Amino acid sequence: MKTYLINHLRIPGDVPNSPSLDYLETVEATVAPFGGKWLALGPPAESIEGTWPGAVVLMEFPDRKSATNWYHSSEYQAILPLRTKNAISDIIFVDQLPDGFTVKGWAEGVRKATSAK
C-alpha cells in the first residue's frame, strides 16, 4: 500500500537560500533508491478555507517501510540539516486507503463503535 509524505513547508523570505538550494539539488538522489517520487511541489494555487502560508510538498513511496527507511537513511540524515536549519516543516506520512474504502462506511463504523459504549 502506498505511503505519502506531506510537508507543509515555510521558507523565510519565500526564497531558498544557498544551503536550501544545496538540499534541493541533492535530496532527489537520496529518495530514488527507496522508490520515492514527487507528486506536487509549490504554493497552493488557491486556498479555499483558512490560510496556507508557505508551500506544500507531496511525495509518494511504494509503502511505509520504504518511506521510513528513506527518512532514516544515512544519506538523507546527512543532508537533513540543510532543510531543518533553513526552513520550517511539518511533515507527516499517511498511507493510501484500501480498495473499497468509503467515508460513509468509515463514519458508520465509528457510529457503531461509539454507540456500543
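Some values worked out for this structure:
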read-out: Candidate set from segment 5-40 (those that are hydroxyl-bearing (Ser, Thr, Tyr) and closer than 19 Å to ILE88 by Cα); member that is surrounded by the fewest Cβ atoms within 10 Å (Cβ to Cβ); value: SER18
read-out: Matching entry among GLY35, GLY13, GLY42 (being in contact with a Ser or Thr (Cβ under 9 Å, 6 or more places away or on another chain) and on the phi > 0 side of the Ramachandran plot); value: GLY35
read-out: Residues being among the β-branched types (Val, Ile, Thr) and under 17 Å from the mean Cα position of the chain (by Cα) - total across segment 47-78; value: 3
read-out: The listed residue being small (Gly, Ala, Ser), modelled with pLDDT of 95 or more and out of contact with any Phe, Trp or Tyr (no Cβ under 7 Å at 6 or more places or on another chain), out of ALA32, ALA45, ALA55; value: ALA32
read-out: Subset tally (residues that are surrounded by fewer than 10 Cβ atoms within 10 Å (Cβ to Cβ) and either under 17 Å from VAL31 (Cβ atoms) or among the hydroxyl-bearing types (Ser, Thr, Tyr) (or both)) for segment 73-113; value: 3
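The values are calculated or read from the model by the stated rules, or taken from the named source; none is laboratory data. Owing to the predicted nature of the structure, the values given are computational and were not obtained by experimental measurement. As a convention, Cβ positions derive from the backbone with ideal geometry for all residues, glycine included, and neighbour counts pool all protein chains shown.
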